[in-house]
Amino acid sequence: MAMLEQLLANHRPRTEEERADLARMVEVADGPDPWTRASALHCTASAFIVDGAGRVLLRWHERQQAWIQVGGHGDPGETDALAIALREGAEETGLDDLRPLPAAAGTGPAGPVHVVIVPVPAAKGEPAHEHADIRFVLRTDSPDRIRPEDDRAELRWLSFDEARRLTTEANVRESLDRVETAVAG
C-alpha cells in the first residue's frame, strides 16, 4: 500500500463531515497522482506549529483572505505528506527546527490531526478547485526566529482562544480544537 493510502487508512475521523472528506481523499489517493495541481481535487499538506509556551502560529493567507495554518502543495516527485508539511512549514516561517508532535491524532508518531477538503477560490491562471488537506501538528523550540516568506504573509503567535477568534474558517477552528487537545495530552 502506498504511503499516502496507508496514512489515510490509519486516520480515524471524528465527525461525519471528516468521514465523508476522508472517503473522497482515499479515492484521490488511489489515483495516478493525488498531488497534481491539474486535478480539481488534489492533496495538500499543512501544519499547525506550536511552541513550548502553549501558543499556535497562524499565517495570513492572501488568496484565502483568512488566518490559517502553514502548508501547501507537494513539489514534483514529493509523496510524503508529513515531509511536505515540514518543508512548507520551514519555507513559510523560517523555522529550521520543526518536528512532528508525537501521536497527534493517536495514529502513530506523526499522524495527521485532521483531514479536510477545503474550497479554494479561482486566481489568475487557475480555476476554483479543492484541496484535500492533511493536517499535522509541528513543534518548535525557537519561536522567536519566525520570519514570513514575504511581506503579504504575516505570522502571529496566538493563544488557542485568540487563534479561534481570529480565523474565519470553521474547519480551522475544528483543527485548532484538536491541536489544543493533542498539545495538552
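The values are calculated or read from the model by the stated rules, or taken from the named source; none is laboratory data. Keep in mind that this is a model prediction, so the values were computed, not measured. Here Cβ is always computed from backbone atoms with ideal geometry, including for glycine, and neighbour counts include all displayed protein chains. Accessible surface is based on the protein model in full, side chains and every heavy atom, while ligands, DNA and RNA are left aside. Shrake-Rupley method; radii C 1.70, N 1.55, O 1.52, S 1.80 Å.
Mind telling me which of the residues 71, 94 ends up being of a type outside the set (A, V, I, L, M, F, W, C), closer than 16 Å to residue 174 by Cβ, surrounded by 14 or more Cβ atoms within 10 Å (Cβ to Cβ) and touching a helix residue (DSSP H, G or I) at 6+ places or on another chain (Cβ under 7 Å)?
71
Please go through the stretch 1-41 and give me each residue that is closer than 26 Å to residue 94 by Cα and either open to solvent by less than 70 Å² (accessible area, probe 1.4 Å) or not in a loop (DSSP other than H, G, I, E, B) (or both), ordered by number.
Of everything in the stretch 1-41, those that are closer than 26 Å to residue 94 by Cα and either open to solvent by less than 70 Å² (accessible area, probe 1.4 Å) or not in a loop (DSSP other than H, G, I, E, B) (or both) turn out to be 35, 36.
Counting only residues that are touching a Phe, Trp or Tyr at 6+ places or on another chain (Cβ under 9 Å) and not polar (S, T, N, Q), which one in the stretch 156-177 is nearest to residue 52 (Cα to Cα)?
So the first thing to find is which residues in the stretch 156-177 are touching a Phe, Trp or Tyr at 6+ places or on another chain (Cβ under 9 Å), and the list is 156, 158, 163, 166-169, 172, 175-177.
Now drop any that are not not polar (S, T, N, Q), which leaves 156, 158, 163, 166, 169, 172, 176-177.
Details: 156: 15, 158: 12, 163: 16, 166: 21, 169: 25, 172: 21, 176: 16, 177: 17 Å.
Selected residue: 158.
Give me a count of the residues in the stretch 174-185 that are touching a strand residue (DSSP E or B) at 6+ places or on another chain (Cβ under 8 Å) and at pLDDT below 95.
2
Any idea which residue in the stretch 42-65 is surrounded by the fewest Cβ atoms within 10 Å (Cβ to Cβ), counting only those that are more than 14 Å from the chain's Cα centre (by Cα) and small (Gly, Ala, Ser)?
53
How many residues are in contact with a strand residue (DSSP E or B) (Cβ under 7 Å, 6 or more places away or on another chain) and loosely packed, with under 13 Cβ neighbours inside 10 Å when one looks only at the stretch 155-173?
Matching residues across the stretch 155-173 total 1.
With the requirement that a residue be open to solvent by 20 Å² or more (accessible area, probe 1.4 Å), of a type in the set (D, E, K, R) and at pLDDT 95 or above, what does the stretch 122-154 give you?
Those that are open to solvent by 20 Å² or more (accessible area, probe 1.4 Å), of a type in the set (D, E, K, R) and at pLDDT 95 or above: 130, 139, 141, 144, 145, 147, 154.
What are the pairs with Cβ atoms under 6 angstrom where one residue, in the stretch 160-171, is under 15 Å from residue 61 (Cα atoms) and the other, located anywhere, is modelled with pLDDT under 95? Sequence gap at least six, or different chains.
Close Cβ pairs satisfying both conditions: 168/66; 169/66.
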